[in-house]
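The values are calculated or read from the model by the stated rules, or taken from the named source; none is laboratory data. Keep in mind that this is a model prediction, so the values were computed, not measured. FYI the Cβ positions are ideal-geometry reconstructions off the backbone, even for glycines, and counts take in every protein chain you see.
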């Protein structure tokens, strides 16, 4: 049985360190974007920790909910590395901290579209109205059940 993550916040530099395997040294680190560093064991393809820089900015809510951040660091990786990193960030324990979502801007026609199931959130007691068409580009689609396209992955901190 794995131990719970250890959280360490450094207020002076506004960085949250999360250790999934306390005491274990990562063999590889990948910058998911300018603010999020994934540390992992390369041989086992297993997350060791996350570093969230400018944490107070990352957790600020927008009018539409949690902020989303593009995974700009994936573009710099080779295809097999991209697949490994995506597998790690969409699996426990990372997916309990970060939520990965995708969207395709209306101005682009997806070259490849596939449907991926979403983890459904518990339904609230009151019924929520459907999203207006103007918000269909929103990166986080709660309760819709599927995401179409894998064109532009992005991250949001899990609620």
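Filtering the stretch 40-60 to residues that are over 14 Å from the mean Cα position of the chain (by Cα), under 19 Å from residue 3 (Cβ atoms) and touching a residue at least 12 places away in the same chain (Cβ under 8 Å) leaves 40, 41, 46, 48. Got at least one residue in the stretch 45-60 being at pLDDT 95 or above, surrounded by fewer than 19 Cβ atoms within 10 Å (Cβ to Cβ), assigned to a strand (DSSP E or B) and touching a helix residue (DSSP H, G or I) at 6+ places or on another chain (Cβ under 7 Å)? So far as the stretch 45-60 goes, no, none of its residues is at pLDDT 95 or above, surrounded by fewer than 19 Cβ atoms within 10 Å (Cβ to Cβ), assigned to a strand (DSSP E or B) and touching a helix residue (DSSP H, G or I) at 6+ places or on another chain (Cβ under 7 Å). Once the stretch 61-77 is narrowed to residues that are part of a helix (DSSP H, G or I) and within 14 Å of the chain's Cα centre (by Cα), the residue that is nearest to residue 91 (Cα to Cα) is 74.
State all residues of the stretch 14-28 that are in contact (Cβ under 8 Å) with a residue 60 or more places away in the chain and part of a strand (DSSP E or B); if no residue qualifies, say none. Please lay out each step first, then the result.
Narrowing the stretch 14-28 to residues in contact (Cβ under 8 Å) with a residue 60 or more places away in the chain: 18, 20.
Passing the criteria: only 18.
Residues of the stretch 84-105 that are over 17 Å from residue 19 (Cα atoms) and loosely packed, with under 13 Cβ neighbours inside 10 Å: 87, 105.
Please go through the stretch 13-25 and pick out each residue that is modelled with pLDDT of 95 or more, over 18 Å from residue 90 (Cα atoms) and out of contact with any helix residue (DSSP H, G or I) (no Cβ under 7 Å at 6 or more places or on another chain). Write out each step before concluding.
Taking the stretch 13-25 as the starting set, the residues that turn out to be modelled with pLDDT of 95 or more are 13-20.
Next cut, over 18 Å from residue 90 (Cα atoms) only: 13-17.
Hits for the stretch 13-25 are 13, 17.
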